[in-house]
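K.L.:
This is the structure, below, for whatever I ask next.
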Amino acid sequence: MSRIGKLPVAIPSGVEVSLEDGNFLTVKGPRGTLRRRLVPDLNIALEDGQIKVQRPNDLKRSKSLHGLTRTLIFNMVTGVTTGYTKTLEISGVGYRAAKNGDKLTLNLGYSHPVEMRDPEGITTAVSGNNGTIITVSGIDKEKVGQFAADIRGKRAPEPYKGKGIKYSGERIRRKVGKTGKK
């Protein structure tokens, strides 16, 4: 039995969960609504303030999807109650970000500024001196992580000077540069 999959997901007060045919789950909370079609192979049940995921057999596919399905449900419940945030840090001379409406403008040493629009359900905020900290927030963990990865991908940190966009708390393995011969 999956250690993660067998744990029930508690439904906090203020959160409504509805399960429709075909394992179509809707979670409504104070921050918004999330809808997701889950794998029809697994049995999902709403029982006395908890969501339980059970697998009908011990096939490899069922075993591998058991913990994943429970974690997806847990992430939906957590998203509509507290939400998710990812923080990115920009380092490098002249590298900065600016926010104008729903458009994020990044100056990353290219010949042109890089402009990105906030996806639906995702908000970004720029702070720090000269716009060096970007905060991505939303209720869908998958979308928040993907948009943060897209921003980081515009200029990933390089190992020699550490210039670029990195996650807050991420350690960049530094390399020693060339040494000149005399």
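K.L.:
When the helix-only estimate is applied to the chain (DSSP H runs of n ≥ 4, each -39,500 (n - 2.57), divided by the residue count), what is the mean residue ellipticity at 222 nm, nearest 500 deg cm²/dmol? Kindly include the intermediate steps, with their values, before the conclusion.
P.N.:
Working: 2 runs with 35 residues, N = 182.
The helix-only estimate for the chain comes to -6500 deg cm²/dmol at 222 nm.
K.L.:
Add +1 for every Lys or Arg and -1 for every Asp or Glu among the other residues with Cβ under 15 Å from the Cβ of residue 29, and state the total.
P.N.:
Numbers: positive: 28, 31, 35, 36, 141; negative: 16, 140.
Net charge in that neighbourhood comes out at +3.
K.L.:
May I ask for the net charge around residue 10, where only other residues with Cβ less than 13 Å from the Cβ of residue 10 are counted and Lys, Arg are +1 while Asp, Glu are -1? If you can, show how the numbers build up before the last one.
P.N.:
On the way: positive: 52, 70; negative: 47, 48.
Neighbourhood net charge equals 0.
K.L.:
Also, quick follow-up: Cβ neighbours within 10 Å, averaged per peptide: list 31-42, 76-87 in order, most packed at the top. It would help to have the intermediate numbers written out before the result.
P.N.:
Values: 31-42: 14.8, 76-87: 19.0.
Put in order of decreasing packing, that is 76-87, 31-42.
Every number here is computed from the coordinates shown, using simple stated rules; none is lab data. Here the structure is a predicted model, which means the values were calculated and not measured. Every residue, glycine as well, gets a Cβ built from its backbone with ideal geometry; the counts of neighbours run over all protein chains shown.
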